[in-house]
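Reading through the C-alpha cells given below for one structure.
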Amino acid sequence: MKPKEAIASQKTIYNLINSFQKETRAAILFVQSISEITGIHPTDIKCLDYLSEVGFASAGELAKITNLTTGAMTAAIDRLEKANFIRREAHKSDRRKIIVRLIVDNPSHLNLARNLFIKKMPKILIEYSEEELTLIMNFNIKLANLLLSETERMKTLK
C-alpha cells in the first residue's frame with residue numbers, strides 16, 4: 001500500500017470535527033422541525049427513517065436502533081400504526097415476534113424529509129467525483145460504526 005502523501009494539519013482536523021458537530025446540530029433541528037410539523041415523536045421518526053432504509057424490521061430491531069425498551073417500542077409501534085405509517089405482520093417462524101413494515105404510499109408531511117434526500121441532496125452530491133463520494137461514504141460508515149460502538153460502551157457505564 002502506498003504511503004499517504006500528506007498528513008492533515010491539526011487545524012484541518014479541528015475544523016473537520018467542528019463541521020461534524022455543526023451538521024449533527026442541523027440534523028437534530030431538522031428532525032425536531034419535522035416532528036413539530038407532523039406531530040410525530042422524534043423517536044418515531046427514527047423508526048420511520050430506519051424502515052425507509054430496510055423496508056421492514058422486528059420490533060426488537062427497532063428497539064435496539066432507537067435505544068428504547070420493548071415496552072416503549074410497543075407504544076411507538078402503536079402510534080405509527082394508528083397514524084397508518086406502518087403495519088404489523090406476524091413473524092413467519094416465531095409467533096411471539098412481529099414484523100413492522102413501512103407503508104410507503106402514506107402521503108404526509110414526512111415527504112418534506114424525503115424531498116430533501118431525493119431531490120436536494122443529489123444537487124450537492126453531483127459536485128463530487130465518484131472517488132470523492134466513495135471516500136465520503138466510507139468515512140460516514142466508519143463514523144457511524146464508531147458512534148454505535150461508543151453508544152454500546154456507554155451503556156455499560158450506568
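So how do Thr43, Thr24 line up by other beta-carbon neighbours within 10 Å, fewest first? Show your work: numbers first, answer last.
Details: Thr43 18, Thr24 11.
If I rank by nearby Cβ atoms, fewest first, I get Thr24, Thr43.
What's the Cα-based Rg to Rh of the chain, Rh via Kirkwood? Spell out each step's value before the answer.
Values: Rg = 18.9 Å, Rh = 18.4 Å.
Using Cα coordinates only, the ratio equals 1.03.
Along the charge dipole of the chain, pointing to its positive end and built from +1/-1 on Cβ of Lys, Arg, Asp and Glu, which listed residue (Met137, Ala26, Ala72) has its Cα farthest out?
Toward the positive end, the furthest listed residue is Ala72.
By how many degrees, 0 to 90 and rounded to 10, does the Cα axis of helix 42-54 deviate from the longest principal axis of the chain?
Approximately 80 degrees, to the nearest ten.
What do you get for the angle between helix 70-82 and the principal long axis of the chain? Use alpha-carbon atoms, 0 to 90 degrees, nearest ten.
Result, in degrees: 80.
Quick one: putting +1 on the C-beta of Lys and Arg, -1 on the C-beta of Asp and Glu, what dipole do you get for the chain around its Cα centre, in Debye to the nearest 20?
Numbers: 24 positive and 18 negative charges, 87 e Å.
That gives a dipole near 420 debye.
Which is the longest stretch in the chain that no exposed loop site breaks, taking sites as GluC sites (Glu not before Pro) with a DSSP loop state and at most 11 other Cβ atoms within 10 Å? Before the final figure, lay out the partial values.
On the way: sites that count: Glu5, Glu127.
The longest uninterrupted stretch comes out as 6-126.
With everything on Cα atoms, drop me the angle between helix 130-155 and the longest principal axis of the chain, reported from 0 to 90° to the nearest 10.
60 degrees
No value in this document is a laboratory result; all are computed from the given coordinates. What you see is a predicted model, and the numbers here were worked out from it, not measured in a lab. Neighbour counts run over all protein chains shown; Cβ positions are idealised from the backbone, glycine included.
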